[in-house]
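Chemist: Just dropping this structure here.
Nothing in this text is a laboratory measurement; each read-out follows from the coordinates by a stated rule. Note that this is a predicted model, so its numbers are computed, not measured. Ideal geometry is used to build each Cβ from the backbone, glycine not excepted, and the neighbour counts take in all protein chains shown.
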Amino acid sequence: MADAHLTPEERDSLAAELALGVLDGAARSDALRSLMADPNFSPDMIGAWDRRFAVLYNDYTPVAPPETLWPSIERRIADGLQAHPALRQLRWWRAGAFASAAVAASLALVILLRPTPTVPAAPPAQVAVAQMVGAPDGPMILARYNPASGRLILRPKGVAPDRLAPELWIIPADGRPRSLGLIAGGAESRVVIDPSYRPFMTEGATLAVTMETIDGAPHDAPSSTPIAAGKISLF
């Protein structure tokens, strides 16, 4: 999905899918990246869908499927494929296709005098995203990071600074938090990551926000539990 302004329908649909949790992996990262690139998007849109779905969840009781369900489905699919006449025809078609492909390959070797050199395409620029969340109906912060420039964009929702200010942390595989500095609580923040900390901004590392005193920031370690946290997805 290209980084362009989304239509209201596309924006609302992505917010609903993120709230419902139907996206994962690359699809979830792509949706977060597209929303972060859209200046008309606000994290409140995801929160609005969370509240709508919360009413529906109360009407259902989770039921665990029997352990025999998936083995039964797999067995029926396998039996159906073996018995279906179209599968036997497909095997004959594959054999003919392989033979034709072999003839075509032989002709190509005779015709071509020299291979055309190919220029490898430049790899696409990587982008990292993270969705930091905390307690239900609590703060949510969307983050988008450009590894090439070291620039980090943050869009917070529900972060209310008082005498304490939100401080951003990166927690890599060694488990030790490193402060990335104080961020704005009610508006978009743009941070340039210190070059010495950029190697920590990798796939699976955790971004977290705690509320800290302004004096002495950036701090050596957090003094409280995070109000929001989420893992980085790099693509």
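Chemist: Just to verify a number: FRET efficiency for Arg163 and Ala135, C-beta to C-beta distance, R0 = 22 Å, to 0.05? Mind dumping the intermediate values first?
Modeler: Numbers: r = 21 Å, r/R0 = 0.95.
E(calc), rounded to 0.05, equals 0.60.
Chemist: Oh, and also: Quick check for me: using +1 on Lys/Arg Cβ and -1 on Asp/Glu Cβ, what's the dipole size of region 8-55 about its Cα centre, in debye to the nearest 20?
Modeler: Values: 5 positive and 9 negative charges, 28 e Å.
I would put it at about 140 debye.
Chemist: Run through region 134-235 and list the trypsin sites (Lys or Arg not before Pro) located in a DSSP loop whose Cβ has at most 12 other Cβ atoms within 10 Å.
Modeler: Details: sites: Arg144, Arg151, Lys157, Arg163, Arg178, Arg190, Lys231; in loops: Arg163.
Sites meeting the loop and neighbour criteria: Arg163.
Chemist: Here's another thing I want to ask about it. Provide the gained length on full extension for the span Ala173 to Asp24, in nm with one decimal, where the gain is 0.36 nm per separating residue minus the Cα-Cα distance.
Modeler: Details: separation 149, 0.36 × 149 = 53.64 nm, distance 2.16 nm.
Value of the extension gain: 51.5 nm.
Chemist: To the nearest 0.05, how large is the calculated FRET efficiency for Arg198 and Glu67 if R₀ is 41 Å and r is the Cβ-Cβ distance?
Modeler: Working: r = 47 Å, r/R0 = 1.15.
Once rounded, the FRET efficiency stands at 0.30.
Chemist: Sticking with this one: Rounded, prolate or oblate for region 128-234? Axes are the square roots of the Cα gyration tensor eigenvalues, ordered a ≥ b ≥ c, and the cut-off for rounded is a/c under 1.5. Working shown, then result.
Modeler: Details: a/c = 1.44, a/b = 1.26, b/c = 1.14.
Note, shape of region 128-234 comes out rounded.
Chemist: What does the C-alpha gyration tensor say about the overall shape of region 8-55? Classify as rounded when a/c is under 1.5, otherwise prolate if a/b is larger than b/c, or oblate. Walk me through the numbers before you get to the answer.
Modeler: Numbers: a/c = 2.16, a/b = 1.20, b/c = 1.81.
Oblate, since a/c reaches 1.5 and b/c is not below a/b.
Chemist: Under a plain spin-label model, where a point goes 7 Å from the Cα along Cα-to-Cβ, how far apart in nm are Ala48 and Ala148?
Modeler: 3.4 nm
Chemist: At 0.36 nm per residue, and after removing the present C-alpha to C-alpha distance, how many nm does the segment from Asn40 to Thr225 gain when stretched out fully? Walk me through the intermediate numbers first.
Modeler: Working: separation 185, 0.36 × 185 = 66.60 nm, distance 3.13 nm.
Once the chain is fully extended between Asn40 and Thr225, it gains 63.5 nm.
Chemist: If you stretched the chain out fully between Glu188 and Thr213, how much longer would it get, using 0.36 nm times the residue separation minus the C-alpha to C-alpha distance? The partial results should precede the final answer.
Modeler: Working: separation 25, 0.36 × 25 = 9.00 nm, distance 2.03 nm.
Using 0.36 nm per residue and subtracting the Cα-Cα distance, I get 7.0 nm.
Chemist: Something else now. Would you order Trp49, Trp169 from fewest to most other beta-carbon atoms within 10 Å of each residue's own beta-carbon? Mind showing how you got there, number by number?
Modeler: Values: Trp49 18, Trp169 22.
Lowest count first: Trp49, Trp169.
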